[in-house]
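Participant: Here it is, the structure in full.
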Amino acid sequence: MGFYGLAAFAMIYMGVATVQGHTASVLAAFTLANLCATGSWIAAYPTFAELFPTSMRATGIGFSVAVGRIGAAIAPPLLVAIAANASIIAAFGLLALFYALGAAAMLPWSIWGPEGRGRPFEWLAPDS
């Protein structure tokens, strides 16, 4: 959740720094956003593995990754159109919204999900 939240913050920060023309701040925001985005993706894989039952794990993770790649293919032209027709802040704001959505989606799992540390996957999501 922390990586998703920090990535959202970094996107807003990058939009503001871009509008203000602060080159060093844009670079700092980009570095923070890239670090946190990578951290959120890395954290997502074990979470997905804990969510899906053993018999569906590969399919569930594959589907999740496929949806993410479709989003990655659609995002660049969409964000350019938003920046051109609305503002650069709106484009970075949309990215921040998606990262915030990732943090919000992780919240129920972090509160009510089982603790998987030291336990086999079969304990976390037994087959029905």
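Participant: If only one of T31, T59 is among the hydroxyl-bearing types (S, T, Y), modelled with pLDDT of 90 or more and surrounded by fewer than 17 Cβ atoms within 10 Å (Cβ to Cβ), which one is it?
Facilitator: One residue alone meets the criteria, T31.
Participant: Please state which one of A72, A43 is without any contact (Cβ under 8 Å) to a residue 24 or more places away in the chain and among the hydrophobic types (A, V, I, L, M, F, W, C).
Facilitator: Every option except A72 fails the conditions.
Participant: If you don't mind, another one. Scan the range 47-67 residue by residue and report those that are in contact (Cβ under 8 Å) with a residue 24 or more places away in the chain and assigned to a helix (DSSP H, G or I).
Facilitator: Scanning the range 47-67 gives T47, A49, E50, L51, T54, S55, R57.
Participant: Every residue in the range 81-102 that is over 12 Å from the mean Cα position of the chain (by Cα), assigned to a helix (DSSP H, G or I) and surrounded by fewer than 13 Cβ atoms within 10 Å (Cβ to Cβ), please.
Facilitator: A81, A84, N85
Participant: Follow-up question, since we're still on this one. Does T23 qualify as being over 29 Å from R117 (Cβ atoms), polar (S, T, N, Q) and free of Cβ contacts under 8 Å to residues at least 60 places away in the same chain? First the steps, then the outcome.
Facilitator: Working: over 29 Å from R117 (Cβ atoms): yes; polar (S, T, N, Q): yes; free of Cβ contacts under 8 Å to residues at least 60 places away in the same chain: yes.
Against the criterion (over 29 Å from R117 (Cβ atoms), polar (S, T, N, Q) and free of Cβ contacts under 8 Å to residues at least 60 places away in the same chain), T23 qualifies.
The values are calculated or read from the model by the stated rules, or taken from the named source; none is laboratory data. This structure is a prediction, so every number in the text was calculated from the model and none was measured. Note that we place each Cβ from the backbone using ideal geometry, even for glycine, and neighbour counts take in every protein chain shown.
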